[in-house]
1. Considering only region 3-33, state which residues are surrounded by fewer than 17 Cβ atoms within 10 Å (Cβ to Cβ), of a type in the set (A, V, I, L, M) and closer than 23 Å to ASN68 by Cβ.
2. Looking only at region 139-159, decide whether some residue is open to solvent by 10 Å² or more (accessible area, probe 1.4 Å), within 16 Å of ligand 1 (Cβ to nearest atom) and farther than 30 Å from ASP42 by Cβ.
3. Condition first: farther than 17 Å from THR102 by Cα and outside any helix (DSSP H, G or I). Can you find one or more residues in region 57-67 that meet it?
4. Considering region 178-191 alone, what residues qualify as being under 19 Å from ILE244 (Cβ atoms) and either open to solvent by 80 Å² or more (accessible area, probe 1.4 Å) or of a type outside the set (A, V, I, L, M, F, W, C) (or both)?
5. Which of the residues that make up region 126-138 are surrounded by fewer than 18 Cβ atoms within 10 Å (Cβ to Cβ) and not aliphatic (A, V, I, L, M)?
6. Identify the single condition in (1) away from ligand 3 (no atom under 16 Å from the Cβ); (2) within 30 Å of THR204 (Cβ to Cβ); (3) in contact with a helix residue (DSSP H, G or I) (Cβ under 6 Å, 6 or more places away or on another chain) that PRO76 does not satisfy, given that it satisfies every other one.
7. Does SER216 fit the bill of being away from ligand 2 (no atom under 16 Å from the Cβ), over 23 Å from LYS148 (Cα atoms), surrounded by fewer than 23 Cβ atoms within 10 Å (Cβ to Cβ) and among the small types (Gly, Ala, Ser)?
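The values are calculated or read from the model by the stated rules, or taken from the named source; none is laboratory data. None of these values were measured; they are calculated from a predicted model. Backbone-built Cβ (ideal geometry, glycine too); neighbour counts: all protein chains shown. For the accessible areas, the whole protein counts, side chains as well, though only heavy atoms, and no ligand, DNA or RNA atoms are used. Shrake-Rupley method; radii C 1.70, N 1.55, O 1.52, S 1.80 Å.
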Amino acid sequence: MDKSEIIKMKQACKLAAQVLQYTEKFAKPGITTLELDKIADDYTNSIGATSACIGYHGYPFSTCISVNEVVCHGLPGSYVIKEGDILNIDVTVKKEGFFGDTSKTIKVGQVSNAAADLVETAYQAMMIGIGAITAGGWTGDVGFETNKFVTRKGYSTVKEIGGHGIGREFHMDPFVPAFGKKGKGERFIPWTCFTVEPMVNQGTEDFEEHSIPGSSIKYYTTSDKKLSAQFEHTILMTDTGYEILTLI
Ligand code: MF3
Ligand code: CO
Ligand code: CO
């Protein structure tokens, strides 16, 4: 990306972060996930962006909202959020041809100690993964540190789904998994962007795939119905290191 493209990319990422920050305030007991999605979509449009998810391979909503055992791509719907739930809100916006992608898992009211620990571990897993990014480094460096941290806590990382290159496209190379080997995978290229978005499961890493009517996107739930948590930032590689673009 050249300088003007990076400026646009930063703007898209900032807007995505703003949508997430705005929407999460409404994630309280009694609201449905569809209402939350509408809040996110209206706000996205009000700040001059559009949702990248609506219509993406037929996906019908503005956000993905993944509650409890839903690993990712959860569909907003009639589910009423209740105290004790954990829910990931994943926002991707498009602005002037560029995509910004970010998510976080929210604790609704008082959650169990086990749920709180999982959410905290998923957040730290993302930050430790990001911390493993170096100029000239590899996607495997990120995955290795993420997986080491998560497994030492007694949890598991989802293997087949993970981070991705992003920029003028929503999803592109490289794949940035939450497991791997140091010095393996793909090399980070300066002035390109990608996401770090580990999915951390309380129990087994195995998941079930569910289809979404009219869409080739799938959503996923843990096979053992235990909890799953995730956080996501979009990262810019520079020639000396990296910048987190979805921080506000
Ligand atoms: N935001 C998700 C990700 O982190 C992708 C959602 S695709 C959708 O890659 F179609 F389900 F919205
Ligand atoms: Co993503
Ligand atoms: Co996302």
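1. Across region 3-33, the qualifying residue is only ILE31.
2. yes
3. Yes, region 57-67 contains at least one residue that is farther than 17 Å from THR102 by Cα and outside any helix (DSSP H, G or I).
4. Matches in region 178-191: ILE189, PRO190, TRP191.
5. Answer for region 126-138, where residues must be surrounded by fewer than 18 Cβ atoms within 10 Å (Cβ to Cβ) and not aliphatic (A, V, I, L, M): GLY131, THR134, GLY136.
6. (1)
7. Yes; evaluated as a whole, the condition is true for this residue.
Results for (1) buried (at least 24 other Cβ atoms within 10 Å of the Cβ); (2) at pLDDT below 95, shown as yes or no for each residue.
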residue	(1), (2)
ASN201	yes, no
THR204	no, no
GLU209	no, no
LYS226	no, no
THR238	no, no
ILE248	no, yes
